[in-house]
Structures are given as C-alpha cells and as structure tokens.
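What follows is calculated from the coordinates using simple rules that are stated; it is not laboratory data. Computed from a predicted model, the values in this text were never measured in an experiment. Quick reminder, even Gly has a Cβ in these numbers, built from the backbone with ideal geometry, and neighbours come from all protein chains shown.
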Amino acid sequence: MDFTGRDFLRIQDFSAEELRYMLDVSKAFKKLKHERKSHKCFPDKNIVIVFEKTSTRTRCAFEVAGYDLGMGVTYLDPTGSQMGHKESVADTAQVLARFYDGIEFRGFKQETVNTLAEYSDVPVWNGLTDSCHPTQALADFMTMEERLGGLKGKTLAFVGDTRNNVSNSLMMMSAKMGVNYIACGPKELRPSDEIIAACQLEAEKSGAEIIITDDTNALRGTADAIYADVWLSMGEDKEKWGERILLLQPYQVTMEMMNNAKPETIFLHCLPSFHDLNTTTAQDVYEKFGISEMEVTDEVFNSERSAVMDEAENRMHTIKAVMYLTLKNK
Ligand code: CP
Ligand code: NVA
C-alpha cells in the first residue's frame, strides 16, 4: 500500500483497506512509544503546522509526533503568518513547499486546506476545518478498537450537533469500516443530505447501517460507544449559545443514557469538553443560562466508561502514522 506524497484531507479520500492499514501502523507506533524505542525515521525532514484556530491536542500531537520521527517542526499560530491577509493561500502553499516536507493546516474553510494541497507538491494534512476533522476520526476508531476489542458490526452513536465537523468525519469513517452509525440530534442540526448520501453509498459496501434520528431511544440496547462534542464549534457565532442550549439539552450524555445503551457502553469525546465549571466559557454560559454541565455530565466524563484520555493520547499515534506513511520514501 503506497501513501507516499498523498494528502490527508478527508476520510472519504481513502479506502477501507487504507484506513485499516493506517490504524495498524498507529498501533505499531504506540507500541514503540510505550516501549521507549527511538523511531527517528526522518532526521533530514521539516514540517510546518499552520493554525487559524486554537488547539491543544492537534498542535501538540503534530509537534511531538514530528519530533519523535526526528523532524524539525515550525508552528505558525493564528496571527503568525501573512497567509490570507497579505498573501494568498496559493502563494503561501508554494513558498512553504520550498522549505518544508509536509504542511498541516487547521482552520475555517475546507477550501483553504484544499488550496494548500493543490498548490504545494508536499503532503498536506487536515488538522480540522469547519466541515471535517479526519485525524480525530482515526484516533477515535483506534480507541474504539482498543476498548471494544474490534470494530466491525459495532455501533457508534454521536449525540448532539450531528452536522458538525467531528460527526461528519466519524459518519464517513463508520460507513467505510462497517461500523453502524447513529447520528442522534435535533432535526435543525441534521447532517447535510449530500454527506448522508455519500455515507450511505459507502455503508452499502461495508454492511454498516446509518441511522439519522432525533430520538435518543435509538441508543437503547444498541450503542457500543456514545460520542459527544461541544454544542457550539469554533468559528460559530457566540450569540447562538442560547439557541443551541435549548436545542441540545435533551441530548446531554448522562449516566442514565449510558446505562440504557449497554452495560459496557463506552463514552467518547474529541475534547475539549464542557462537563464542569472550570473554564471561563462554561462560567459565562452558567451565568447567562444557569447550566453547569453541557454536552456530558461530569459523572460520565470522569467514569471508568470514559475513554477520552485514551482518545487524546491516540491523536499522537495516529497523526504520526499519517505523517510517516505520506512522507516515507520521499
Ligand atoms: N480534539 C481536538 O482537536 O482538540 P484541540 O482542539 O485541542 O486540537
Ligand atoms: N466541533 C469542535 C471540535 C473541536 C476539536 C469544534 O470545531 O470546535
């Protein structure tokens, strides 16, 4: 299987076999890391990671994975480059490709990461856009496989804003990998017809079932993993908090929801999460709307069934695999 020189922009650009292979390479890298075995494969390579939006996990995962592979890493923060305001994305892509062997981008429009890929002749990796978060989906599937002992035939239920970037990538990954997907949220936040149709097409090949519903009863006895994400994503208008809270409160992941699924159902979240009042955003929301927990209760988040810290760790191993495979032999 040859990934050399390819971009990693969306899950749909890869076959089930290729995604399977990426997960296997991620597992191998995790083992190496845990055994503290050096794997500096690319001592002569450098990468740049460009962020239009803030990040903890994705930035650190790319940096540490880059260093572990022996590479030099440059971080450009949301205000740290000329891109967009003084220099076009196309020009920036060509310049960066003269310096670096690979480019990571996190930002608003999918179009920007696509343009970076089009105008540079080095691999471009998508670290999240408004429409998808493909490296997150890889880490989530690695975690599900570790915790559930397999993927095929399992059921993943995403509860909340089912048309957001994380859900879009998870639905496509599920459809490809033969995992049943329940997108459970209010009709107003339903995934686009185009994305549903593309996923259905893949699901027909893999045997997965894709269910779009506003009824949390669909999770009863079915969901092996319940996934939550923030109710308002980066880049969305803060004025929408009130409206979102009204729409999404019935979809908060509680211990009752977890217990109604299956006794062994696990909880997943891409993080960061509003499960307590220990952030300024959660404090603001509490003062305005009187709620102290949002997409998940603190009880579920901190329970034994929560796999969120494994997921966070797996971001690094999966991102390392993506970089390794696309940079190999270049
Ligand atoms: N899950 C995730 O992408 O986290 P960051 O926003 O911290 O990168
Ligand atoms: N949907 C969230 C994911 C953060 C990792 C956002 O875009 O803010």
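In table form, for the structure just shown:
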{"quantity": "Within the chain: Cβ-based charge dipole about Cα centre, in debye rounded to nearest 20 (Lys, Arg +1; Asp, Glu -1)", "calculated": "1020"}
{"quantity": "The chain: angle of helix 57-68 to the longest principal axis, Cα-based, in degrees nearest 10", "calculated": "40"}
{"quantity": "Linear extension gain, His85 paired with Arg20, 0.36 nm per residue minus alpha-carbon span", "calculated": "19.5 nm"}
{"quantity": "Relative contact order computed over the chain (Cα-Cα under 8 Å; 6+ residues apart), in percent", "calculated": "20"}
{"quantity": "Residue-by-residue Karplus 3J(HN,Hα) for the range 208-214, coefficients 6.51, -1.76, 1.60, Hz, glycine and proline x", "calculated": "6, 10, 10, 10, 10, 8, 9"}
{"quantity": "Ranked His85, His39, criterion: other C-beta atoms within 10 Å, fewest first", "calculated": "His85, His39"}
{"quantity": "Diffusion constant of the range 201-275 at 4 °C, which comes from Stokes-Einstein with the Kirkwood Cα-pair radius and 1.567 mPa s, µm²/s", "calculated": "90"}
{"quantity": "Residues whose placed amide H lies under 5 Å from that of Ile211, excluding near-sequence neighbours", "calculated": "Tyr181, Ile182, Ala183"}
{"quantity": "Under 5 Å, built H, 5+ apart or other chain: amide partners of Ser306", "calculated": "Phe267"}
{"quantity": "Spin-label proximity, Thr54 to the range 125-154 - amide N less than 19 Å from point 7 Å beyond Cα toward beta carbon", "calculated": "127-130"}
{"quantity": "Gain on full stretching of the segment that runs from Thr281 to Gln94 - 0.36 nm per residue minus C-alpha separation", "calculated": "63.5 nm"}
{"quantity": "Space enclosed by the convex hull of the alpha-carbon atoms of the range 17-98, per residue, Å³", "calculated": "124"}
{"quantity": "Length added when fully stretched, Lys328-Lys240, from 0.36 nm per residue minus Cα-Cα", "calculated": "27.3 nm"}
{"quantity": "Overall Cα dimensions of the range 63-214 - principal axes, largest extent first, Å", "calculated": "45, 35, 26"}
{"quantity": "Amide N proximity, the range 289-330 versus Ser206 label position 7 Å along Cα-to-Cβ, cut-off under 12 Å", "calculated": "none"}
{"quantity": "nm² value of the averaged projected area, convex hull over the Cα atoms of the chain", "calculated": "16.2"}
{"quantity": "Given charges at beta-carbon only (K, R positive; D, E negative), |dipole| of the range 198-318 in Debye", "calculated": "100"}
{"quantity": "The chain - mean residue ellipticity at 222 nm from DSSP helices (-39,500 (n - 2.57) per run, n ≥ 4, rounded to 500)", "calculated": "-13500 deg cm²/dmol"}
{"quantity": "Amide H partners (placed H, <5 Å) of Tyr227, local residues excluded", "calculated": "Ala157, Phe158, Val159, Leu268"}
{"quantity": "Cα-based convex hull volume of the range 225-330 per residue, rounded to whole Å³", "calculated": "130"}
{"quantity": "Under 24 Å from the Cα of Lys240 - lysines, other chains or at least 8 residues apart", "calculated": "Lys53, Lys109, Lys187, Lys288"}
{"quantity": "Rel. contact order, % - alpha carbon contacts under 8 angstrom, at least six apart, the range 170-245", "calculated": "33"}
{"quantity": "Alpha-carbon Rg with Dmax, taken over the range 141-274, Å", "calculated": "14.1, 42"}
